[in-house]
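The values are calculated or read from the model by the stated rules, or taken from the named source; none is laboratory data. Keep in mind the model is a prediction, meaning the values are calculated, not measured. Using ideal geometry, Cβ is built from the backbone for each residue, glycine included, and neighbour counts are taken over all protein chains shown. Just so you know, the surface numbers come from the protein's heavy atoms only, side chains and all, with ligands and any DNA or RNA stripped out. Shrake-Rupley method; radii C 1.70, N 1.55, O 1.52, S 1.80 Å.
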Amino acid sequence: MYSVKKTPRIYEPVHCFKDIVDHFAGFGDKVAFRYYADPKTISDMTFAELAALVRREAAGFEKLGLAGKRIAIIGETSPVWVSTFLAATAGGGVAIPMDKELAIPEIEGLLASAEVDAIVYSKHFSHKFDHAMEEHPSLKYFIPMDPAADETENEKLIPLSKVLALGEENADYVLPEAGDLNRMTVMLFTSGTTGTSKCVMLAEKNMMTAINGASENVNFSKDDVLMSVLPIHHTYELTHGILTAMNFGATVCINDSLRHVVQNFKVFRPTGMTLVPLFVNTLYRKIMDEATKSGKIKKLRFGIKLSRFLRKIGIDVREKLFREVREVFGGRLTKIICGGAPLNPKMCDEFFEFGVHLCEGYGITECSPLISVNLFYKAKDYSVGPAIPGCKARIELNGKILPAGEIGEIVFTGDNVMLGYYHNEEATAEVFTEDGWFRTGDMGYMDKDGYIYITGRCKSVIVLENGKNVFPEEIEEYLANIEGVLESVAVGRKAENSEEVVLTAIVVPDLEKFPEGATDEQIYDILHARINEMNKKLASFKQIRALEIRREEFPKTTTRKIRRNLIH
C-alpha cells in the first residue's frame with residue numbers, strides 16, 4: 001500500500017459536547033454545512049449559526065423541562081438533526097439516534113424500552129406518530145422539525161419552531177459545564193448483522209475519545225470539504241463523517257439522496273469522504289464500466305502502468321493522467337476513510353492510482369465506534385491499522401493472550417468502550433473478559449508493530465467436516481474479483497444426500513456483464529468456470545464446492561452491511 005507524507009494534526013482536542021459547541025462557535029463565519037433546503041436550492045450554515053442554533057434549542061428544551069432528559073432524533077441528515085443531537089447532549093441530557101428505515105411499531109417499541117421522554121423528527125414522519133401520542137408509555141413531547149406542523153393542535157405536539165421560540169425567551173440560558181464524563185450521554189440501538197437488537201450506552205468520555213482518536217489519525221484539515229452519504233443515526237457517520245470532520249473546521253456537504261450521489265459529486269466537489277465498502281466498490285465499478293463503454297479501458301490500464309513506473313523514479317503525473325477519472329468524484333477528491341464492513345484490499349491500491357488515498361478503519365458501535373484506522377502516513381497492506389491513541393488491542397483464544405501473527409479474537413480496552421447494554425446485564429457480561437476488556441466478536445491477528453488484521457467474524461466462521469475453519473469474508477474478497485460477481489456471500493451448506501458441510505458461494509450476478517437475456521443456467525455455467533479458476537489459487541479447504549445464483553440483492557442494514565442471519 002502507498003502512504004503519503006505525514007502532516008501536523010491541527011485540531012482542538014475536545015473532552016465534552018459543550019467543548020464541541022464552543023469550538024464550532026470559534027470558527028465563526030466559516031461554512032459548516034452545505035445542504036439542499038429544497039430539491040433545487042442549496043443553502044449554507046456557518047459554524048457560528050450552528051452553535052447559536054444548538055444553544056437556542058438547548059434553552060428551549062430546558063424551558064420545556066427536557067434538560068437532562070432522553071431525546072430521540074429520527075430523520076434524514078440535516079443541520080437540524082446535528083443541532084438537536086448536540087442540544088440534547090451538551091445540555092446535559094441523553095440523545096437517542098434512531099434508524100429512519102425501521103417500521104413505526106418497531107420504533108415505538110425501542111423508544112419505550114429506552115424510556116425516551118421526547119422525539120424530534122423530520123417531515124417524513126409527519127402524522128406517523130399519531131398513535132404514539134395517545135398510547136406511548138414514556139413519550140411526553142413530539143417535536144416535528146417541519147414548520148407546517150404549527151397548525152396541528154395537540155398538547156404533546158410542540159413544533160421545533162416553538163421550541164426555538166422558547167429558547168429565545170430563555171435568554172439567560174447557558175450550556176452547563178461538563179460534569180461526570182462517565183455519565184450515559186448517547187443510547188444507540190444496534191442489530192448489526194445478528195438480528196438481535198441491543199441498546200448500547202455510551203458515555204460522554206467514550207465519544208470524545210473516538211473523536212480525538214480519529215482527529216489524530218486521519219488526514220483531514222480545515223481546508224477539506226466532505227460529502228455525507230451514510231445514515232447519520234449510525235455512530236460511524238455521526239462521530240467521524242460529521243463531528244470529527246467539523247472538529248477540524250471542515251465543511252460537510254449533505255447528499256440529499258443515494259440516487260443523486262454522482263450528481264452531487266459535481267455539485268459539492270468534495271476533497272474527502274467517509275464511506276462503507278459498498279460505496280467504494282460501486283464507484284470503482286462505475287469508473288471501469290464507463291471506461292469500457294467509451295472504449296478507453298486499454299488506455300486507462302496503460303495509464304495506470306505508466307503512472308506506477310514514473311512514480312518509482314519520482315515523477316507523479318496522476319492528476320494529469322487521470323483527470324477524466326477524477327471528474328467522476330468532482331475533480332478534488334483525495335482521501336477516503338472506509339469502514340463498517342470488510343474492504344477488498346486491492347481497492348486501496350486502485351484508488352491510489354487515481355490520486356485518491358483510501359485507508360481502511362475498524363470499529364464497532366460499542367467502541368463509539370472507532371478502534372483503529374490504517375495510518376495515512378504509514379499504511380500497511382490488508383491492515384486496519386493500530387489502535388487509536390489511548391486505547392489498546394490484543395488477541396485472545398480460549399482465554400490465552402496470543403503473540404504477534406497468531407489468529408484469535410480481537411479484544412479491546414480504552415476510554416471509548418461503552419458502559420454496557422441498557423437493562424441487559426447478561427449480554428453486557430458476555431462481551432467483557434474477566435479483566436474488563438471488550439470482546440469484539442471479530443477474529444484477526446496483530447503484527448509486531450501493533451497493526452490489526454481482521455480475518456472474519458467469530459459467529460460467521462464456517463466449520464468444515466475436517467475441522468478446518470473458513471472465514472467467509474476472506475472467500476468473499478476472492479469472489480469480488482471475479483468478473484460478473486456483483487455481491488456474494490460464502491456459507492456452509494450440507495451437501496445433497498450427505499451430512500458433509502461444503503463451502504458454498506451465493507452470488508448476485510452483475511447482469512450487465514452477461515449476454516442480454518442470459519438465463520440462470522447460462523450465468524451459472526460462466527461463473528462456475530470462473531470460480532473453478534479461482535479455486536486453483538486457493539488451499540483445498542478454502543475452495544468453493546457449490547454455487548447458487550440469486551437474482552435479488554442481499555438484505556442489508558442501513559449502513560449497507562449484508563444481514564447474514566437472513567440468508568438461508
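Data table
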{"quantity": "Residue list for the stretch 138-156, filter: at pLDDT below 95 and open to solvent by 20 Å² or more (accessible area, probe 1.4 Å)", "calculated": "146, 147, 148, 150, 151, 152, 153, 154, 155, 156"}
{"quantity": "Filter result for the condition that a residue is within 21 Å of the chain's Cα centre (by Cα), among the β-branched types (Val, Ile, Thr), open to solvent by less than 70 Å² (accessible area, probe 1.4 Å) and over 30 Å from residue 304 (Cα atoms), over 384, 373, 431, 411", "calculated": "411"}
{"quantity": "Subset of the stretch 7-62 (residues that are closer than 15 Å to residue 245 by Cα, more than 23 Å from the chain's Cα centre (by Cα) and not in a helix (DSSP H, G or I))", "calculated": "10, 12, 27, 30, 31, 46"}
{"quantity": "Matching residues in the stretch 389-401 - criterion: being loosely packed, with under 15 Cβ neighbours inside 10 Å and hydrophobic (A, V, I, L, M, F, W, C)", "calculated": "397, 401"}
{"quantity": "Number of the exception - residue 237 against (1) open to solvent by 10 Å² or more (accessible area, probe 1.4 Å); (2) charged (D, E, K, R); (3) closer than 23 Å to residue 379 by Cβ", "calculated": "(1)"}
{"quantity": "Residues being in contact with a Gly (Cβ under 9 Å, 6 or more places away or on another chain), under 20 Å from residue 187 (Cβ atoms) and of a type in the set (Val, Ile, Thr) - total across the stretch 204-238", "calculated": "3"}
{"quantity": "Condition broken by residue 404, with the remaining ones in (1) of a type in the set (Gly, Ala, Ser); (2) crowded, with 18+ Cβ neighbours inside 10 Å; (3) touching a strand residue (DSSP E or B) at 6+ places or on another chain (Cβ under 9 Å) satisfied", "calculated": "(2)"}
{"quantity": "Every pair of residues 6+ apart whose Cβ atoms lie under 8 Å, when the first sits in the stretch 1-28 and is of a type in the set (Gly, Ala, Ser) while the second is modelled with pLDDT of 95 or more and open to solvent by 40 Å² or more (accessible area, probe 1.4 Å)", "calculated": "25/52"}
{"quantity": "Qualifying positions in the stretch 441-463 - out of contact with any Phe, Trp or Tyr (no Cβ under 6 Å at 6 or more places or on another chain), open to solvent by less than 20 Å² (accessible area, probe 1.4 Å) and either part of a strand (DSSP E or B) or hydrophobic (A, V, I, L, M, F, W, C) (or both)", "calculated": "441, 442, 452, 462"}
{"quantity": "Test for residue 532: is it at pLDDT below 85 and part of a helix (DSSP H, G or I)", "calculated": "no"}
{"quantity": "Residue list for the stretch 97-137, restricted to those being on the phi > 0 side of the Ramachandran plot and crowded, with 22+ Cβ neighbours inside 10 Å", "calculated": "none"}
{"quantity": "Search result, residues across the stretch 307-326 that are surrounded by 13 or more Cβ atoms within 10 Å (Cβ to Cβ) and assigned to a helix (DSSP H, G or I)", "calculated": "307, 308, 310, 311, 318, 321, 324, 325, 326"}
{"quantity": "Positions within the stretch 86-122 being touching a residue at least 24 places away in the same chain (Cβ under 8 Å) and part of a helix (DSSP H, G or I), in sequence order", "calculated": "86, 87, 88, 89, 90, 104, 107, 108, 110, 111, 112, 113"}
{"quantity": "Of all residues making up the stretch 261-273, the number that are assigned to a helix (DSSP H, G or I) and open to solvent by 10 Å² or more (accessible area, probe 1.4 Å)", "calculated": "5"}
{"quantity": "Which listed residue is open to solvent by 70 Å² or more (accessible area, probe 1.4 Å) and touching a helix residue (DSSP H, G or I) at 6+ places or on another chain (Cβ under 6 Å), from 530, 560, 545, 551", "calculated": "560"}
{"quantity": "Scan of the stretch 29-43 for residues that are closer than 19 Å to residue 224 by Cα, without any contact (Cβ under 8 Å) to a residue 40 or more places away in the chain and not charged (D, E, K, R), ordered by number", "calculated": "43"}
{"quantity": "Single residue of the stretch 331-370 satisfying the filter (among the hydroxyl-bearing types (Ser, Thr, Tyr) and in contact with a helix residue (DSSP H, G or I) (Cβ under 6 Å, 6 or more places away or on another chain)) that is nearest to residue 389 (Cα to Cα)", "calculated": "368"}
